[in-house]
Amino acid sequence: MGRSEREAVASGGRLYEAARAVVGDHERAVEAVRAALTPICDSAAEEALDAIPVARLKEVTEGRLRLGEVERSGLRSVREVLDAGSYRLRLIPGVGQRTADQVIAAARQIADAVRETVAVHIDVDRPEPRTTALVTALHVLVEAGPDARRAVDTASALSERLGPLLADAKPAAGRLRMLLVGKAGRTRALEAVAEVRRLVEEATRGGAPELLAQASVDLLRGPSTEVAAWVDFELRSAEYYSLLAEISGRSPDTAAAEGFLPDEVAERVRDQTLDDTHRRVSLRGYQAFGARFALAQRKVILGDEMGLGKTIQALAALAHLAAEGQSHFMVVCPASVLINWTREIEARSRLRAVPLHGPDRQEAFADWKDRGGVGVTTFDALRGFPAPGSGELGMLIVDEAHYVKNPKARRSQSVTEWAGHCERVLFMTGTPMENRVAEFRSLVRILRPELTDVVGEPVGVAGSTAFRKAVAPVYLRRNQQDVLTELPALQHTDEWEEPSASDEDAYLEAVRAGNFMAMRRAAYARPEKSAKLNRLREIVEDAAENGLKVVVFSNFRDVLGAVKGALAGTPSDAGGPVFGPLSGSVPPARRQQLVDEFAAAPGHAVLVAQIEAAGVGLNMQAASVVIICEPQIKPTIEHQAIARAHRMGQLRSVRVHRLLTTGGVDERMVDMLKNKTRLFDAYARRSAVAESTPDAVDVSDMAMARQIVEEEQARLHVAREGATGQK
């Protein structure tokens with residue numbers, strides 16, 4: 001045996017030990033999380049079981065269990081039954097061994113189901129020893145980051161392959177051993193040495209030794225102070241909850257996480273690999289599935305509800321393609337989110353972000369063409385760039401893709417041209433069906449023209465189940481409630497106010513003029529006597545007393561001005577700043593700056609924002625209270641705005657207050673929009689029943705305005721003085 005073989009075995013042994021050490025360090029860190037999690041889950045499960053009445057035990061046995069004597073004994077809940085145990089149950093008159101065993105078995109069945117589904121909520125406002133221990137344990141793994149996960153996967157693969165090889169190669173460590181193992185043993189040992197050498201060389205070229213060494217340092221660093229762990233949790237809670245879901249095994253329902261896709265589509269997506277080399281963030285299971293869906297299906301719409309991390313899923317797809325050798329990507333988005341996209345690319349991936357916007361965009365485009373990266377541009381700017389050649393672009397991403405639902409619009413035509421030259425296109429939107437299925441079909445036409453006829457009215461009439469099946473090759477949607485079990489509570493409150501005499505006078509003037517938009521904001525026309533503003537001040541004062549941040553949304557700039565004026569002199573003014581108004585006329589960079597300043601302000605603060613300007617692309621997780629000054633024409637506008645605060649990463653419950661006045665346009669709009677929301681839910685989400693035809697989803701803005709104005713003029717017996725419509 002030569003020196004070369006002995007060195008190869010020694011090098012393989014060192015790599016094997018390093019790999020085993022990383023796997024062990026990671027297992028200990030994970031076990032620390034599980035140990036901290038167990039008492040929290042047990043306590044939550046006990047609370048849940050304490051709330052389940054004894055009568056529910058009948059459901060487990062389909063009504064066969066006789067519980068009369070047990071209930072009369074004073075045992076009220078499933079938890080009390082479990083605490084009592086079989087022996088104490090048998091002491092109850094009329095309860096024998098068989099009944100006692102059946103009752104306990106049924107109770108344990110319910111308890112097992114509860115423990116599997118119990119959600120853990122970490123309250124940053126009220127830390128206590130158990131949650132502090134959990135956050136501190138999670139902090140070790142979060143701090144280690146995605147590289148540690150990559151290191152563990154690499155270490156597991158290496159230890160699995162090197163272990164048997166090193167056992168076979170062991171005789172090669174000395175001449176005497178080689179002589180003793182015989183000819184077959186020597187052959188096996190030499191073959192193993194060659195394979196060990198190859199594995200070590202391959203691992204060295206790929207940087208595995210350095211990756212393992214760094215992971216060991218990160219995992220052995222140990223938890224930092226409790227304060228540091230809590231601060232870090234506040235900054236990136238989504239990563240903590242993602243790890244927690246993975247370690248606890250309490251992942252969302254698989255069918256829901258996969259968007260209820262048909263089996264054949266879901267199976268193809270699962271088979272798609274996902275390289276994380278160029279990614280700096282861990283993915284949740286449903287996010288990894290979304291990225292795989294985009295890659296496997298090539299031209300798709302990702303229609304996840306707001307707050308589920310569509311941007312991260314898109315970046316994961318780009319990172320995978322970059323690892324395969326693709327160099328050029330393009331993101332098209334509204335100007336308001338261009339900065340956000342640039343930030344996300346730089347923070348969450350190793351890809352180069354190239355903003356293609358502003359007066360120097362042609363020079364930036366030339367640089368992007370030459371050097372590659374992720375170009376980020378607006379719908380308008382895209383028209384000024386030549387479409388790519390075949391195979392030149394790895395993926396085209398279109399954010400807020402419902403902006404291109406009108407095929408006659410120039411921005412739709414330019415996106416269609418680019419999409420036609422790309423093998424992979426990802427449309428991202430939470431509202432692909434804002435008003436009618438026909439608009440959704442127009443998006444499908446850009447991506448997959450052959451599916452356009454399938455997504456026709458007959459499918460829609462058949463119901464949303466048939467619709468979802470028809471569009472499965474191109475459309476994936478998941479809802480927050482299905483995949484984010486840790487998301488804090490979202491509380492909706494419609495704040496109905498009786499209009500003041502001054503409000504009624506302003507409203508009557510607007511109705512007489514036939515001015516629909518003036519009717520919508522009449523409640524703020526005379527701020528000093530506005531019932532809505534009085535209620536808004538009360539809500540803000542309550543938030544100020546509790547140190548909570550508030551976002552106030554309105555469609556109208558003059559309403560925002562009235563709101564800002566009304567807040568002068570309130571505790572909001574004294575105890576925290578009022579930012580804004582953030583409106584469509586504010587440049588995108590300044591919009592992001594306002595949101596950042598609002599988030600950074602200590603304690604209570606208020607941000608006033610135009611709902612459509614702030615409802616797209618800007619994340620406002622700092623807010624715990626959302627106030628909507630008037631009902632919106634489209635339900636999706638409100639959904640988007642609320643989701644900016646209530647989304648993954650939000651730490652506290654979010655209270656939404658919608659200000660409404662009785663007896664006028666607000667009441668009419670709320671009634672009319674209920675059907676729109678119901679129909680949107682039926683077709684854009686999984687549902688067994690479609691409540692009407694696709695065309696019924698459409699209640700156009702102008703038609704709604706005209707109908708409401710005419711009905712209000714008739715109700716108030718006023719003559720029409722002006723044109724009916726939106727002004």
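Brief remarks on what is shown
- Packing-based ranking, highest mean first, of 622-629, 317-324, 707-714 given that Cβ atoms within 10 Å are counted: 622-629, 317-324, 707-714
- Contour excess over end-to-end distance, with Cα ends at E210 and R371 and 0.36 nm allotted per residue: 55.1 nm
- Whole-Hz ³J(HN,Hα) from phi, Karplus 6.51 cos²θ - 1.76 cosθ + 1.60, for segment 116-124, glycine and proline x: 6, 10, 4, 9, 9, 10, 9, 8, 6
- Note on V670/R343: beta-carbon distance plugged into 1/(1 + (r/R0)^6) with R0 of 41 Å gives a FRET efficiency of 0.65.
- Applying the Karplus relation 6.51 cos²θ - 1.76 cosθ + 1.60 with θ = phi - 60° to segment 87-93 yields 3J(HN,Hα) values of 4, 5, 5, 5, 6, 6, x Hz, where x marks Gly and Pro.
- Pairwise FRET efficiency - D453 versus T493, Cβ, R0 = 56 Å, nearest 0.05: 0.80
- Counting only DSSP H runs of at least 4 residues, each contributing -39500 (n - 2.57), and dividing by the residue count of the chain, the helix-based mean residue ellipticity at 222 nm comes to -18000 deg cm²/dmol.
- Cα long-axis angle, helix 182-205 against the chain (0 to 90 degrees, to the nearest 10): 30
- Rg over Rh, two decimals, the chain (C-alpha only, Kirkwood Rh): 1.03
- For the listed residue pairs K405/K532; K310/K469; K299/K369; K299/K408; K564/K674, the alpha carbons are over 27 angstrom apart in K405/K532; K564/K674.
- Taking the accessible area of the chain, probe 1.4 Å, and keeping the other protein chains in place, the carbon and sulfur fraction comes to 49%.
- Shape box of segment 207-258 [Cα atoms, principal axes, largest first, Å]: 39, 33, 17
- Mean separation of Cα contacts under 8 Å, 6 or more apart, over the residue count of the chain: relative contact order %: 12
- Per-residue Karplus couplings for segment 390-406, computed as 6.51 cos²θ - 1.76 cosθ + 1.60 with θ equal to phi - 60°, are listed in order as 4, x, 6, 9, x, 7, 9, 10, 10, 8, 6, 5, 5, 5, 10, 6, 8 Hz, Gly and Pro entered as x.
- Rg and Dmax [Cα atoms of segment 201-354; Å; Rg one decimal, Dmax integer]: 17.4, 49
- Peptides 302-313, 407-418 ranked from most to least packed by the mean count of surrounding Cβ atoms within 10 Å: 302-313, 407-418.
- Alpha carbon convex hull of segment 285-372, volume per residue in cubic angstrom: 109
- The three principal axes of the Cα atoms in segment 67-140 give end-to-end lengths of 54, 20, 17 Å, sorted in falling order.
- Segment 316-449: translational diffusion in µm²/s, Stokes-Einstein, Kirkwood Rh over Cα pairs, 25 °C, 0.890 mPa s: 164
- Peptide packing: for 290-296, 479-485, 137-143, the average count of neighbouring Cβ atoms within 10 Å per residue gives the ranking 290-296, 137-143, 479-485, highest mean first.
- FRET efficiency for the S156 to Y87 pair, using the beta carbon distance and R₀ = 41 Å, is estimated at 0.30.
- Normalised by residue count, segment 1-104 yields a Cα convex hull volume of 171 Å³ per residue.
- Beta bridges by DSSP in the chain, antiparallel share as percent, to the nearest 5: 5
- On full extension, the segment bounded by E710 and H278 gains 149.7 nm, given 0.36 nm per residue less the C-alpha separation.
- Rg/Rh, computed from the Cα trace of segment 60-205 with Rh as the Kirkwood radius, has the value 1.36.
- Label-point separation in nm, E31 to A228, each point 7 Å along Cα→Cβ: 2.4
The values are calculated or read from the model by the stated rules, or taken from the named source; none is laboratory data. Since the model is a prediction, treat every value here as computed from it, not as a measurement. Heads up, the Cβs are rebuilt from the backbone with ideal geometry, glycines too, and the neighbour counts pull from every protein chain shown. Remember, those area values only see protein heavy atoms, side chains included, never the ligands or the DNA or RNA. Shrake-Rupley method; radii C 1.70, N 1.55, O 1.52, S 1.80 Å.
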